[in-house]
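Novice: Could you have a look at this structure, given as structure tokens, before my questions?
The values are calculated or read from the model by the stated rules, or taken from the named source; none is laboratory data. Here the structure is a predicted model, which is why all the values come from computation and not from measurement. Virtual Cβ from ideal backbone geometry, glycine too; neighbours counted across all protein chains shown.
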Amino acid sequence: MRTDFLGLLATLNDARVPYVVVGGLALLLHGIDRVTADVDLVIDLATGGTLELVNALTTAGYRPVAPVDPTLFADATTRDQWRAERNMEVFSLWDSTNRRPTLDVLLSSPVPFADLHRDASTITLDGVPITVASIAHLIAMKQHTARPRDLDDVERLRALQRGEQK
């Protein structure tokens, strides 16, 4: 059975919470072959759309990976505590129907959401519009994490910027 990435993204769109896809799926959407099993997402944590996002996802069958009340994600103090005490970088939710991918919502982003959203592209697949981080912002985010796989991705993104083969 295929993983229904578009079903997840349609759910996000229906929630009307602005988001930007980052990570491996963003590379794929820019045309770079990249294996990924989840969706990495940045939302505007400062405007209060977190509760709407969580409500939409839990209604659609998503559950937090961590054994916590998912509505706690909407509380900035709790998110800060998770980062400080549990070294959490993402709030992960899994699909209880096992049809859609796991969703990782970043608890902080090295690129401010307003900048990510302003410079993002919208790519439409099968009628589902998807907001995807710009190549420049993906490079900045991957340089920030500096894991070997991310640094490999940076080189592939730079080649794409130069118009070279992926």
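Residues checked against (1) over 24 Å from GLY61 (Cα atoms); (2) free of Cβ contacts under 8 Å to residues at least 40 places away in the same chain; (3) touching a strand residue (DSSP E or B) at 6+ places or on another chain (Cβ under 8 Å); (4) assigned to a helix (DSSP H, G or I):
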| residue | (1), (2), (3), (4) |
| --- | --- |
| MET88 | no, yes, no, no |
| LEU93 | no, yes, yes, no |
| THR97 | no, yes, no, no |
| VAL105 | no, no, yes, no |
| PRO110 | yes, yes, no, no |
| ALA114 | yes, no, no, yes |
| THR122 | yes, yes, yes, no |
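Novice: Going through region 60-91 one residue at a time, which ones are surrounded by 17 or more Cβ atoms within 10 Å (Cβ to Cβ) and among the hydroxyl-bearing types (Ser, Thr, Tyr)?
Specialist: Within region 60-91, TYR62 is the sole residue that qualifies.
Novice: Now, a different point. Spot the failing condition for VAL39; the list is (1) crowded, with 18+ Cβ neighbours inside 10 Å; (2) touching a strand residue (DSSP E or B) at 6+ places or on another chain (Cβ under 8 Å); (3) more than 30 Å from GLY163 (Cβ to Cβ), and only one is missed.
Specialist: (3)
Novice: Of these, ARG2, ARG63, which one is part of a loop (DSSP other than H, G, I, E, B), of a type in the set (Lys, Arg) and over 22 Å from VAL111 (Cα atoms)?
Specialist: Selected residue: ARG2, the only one of ARG2, ARG63 that is part of a loop (DSSP other than H, G, I, E, B), of a type in the set (Lys, Arg) and over 22 Å from VAL111 (Cα atoms).
Novice: Please tell me if ARG79 is assigned to a loop (DSSP other than H, G, I, E, B) and in contact (Cβ under 8 Å) with a residue 24 or more places away in the chain.
Specialist: When the stated conditions are applied, ARG79 does not pass them.
Novice: Restricting to region 9-45, and then to whatever is part of a loop (DSSP other than H, G, I, E, B) and either small (Gly, Ala, Ser) or modelled with pLDDT of 90 or more (or both), can you tell me which residue is nearest to ASP80 (Cα to Cα)?
Specialist: Restricting to residues being part of a loop (DSSP other than H, G, I, E, B) and either small (Gly, Ala, Ser) or modelled with pLDDT of 90 or more (or both), the top hit is LEU45.
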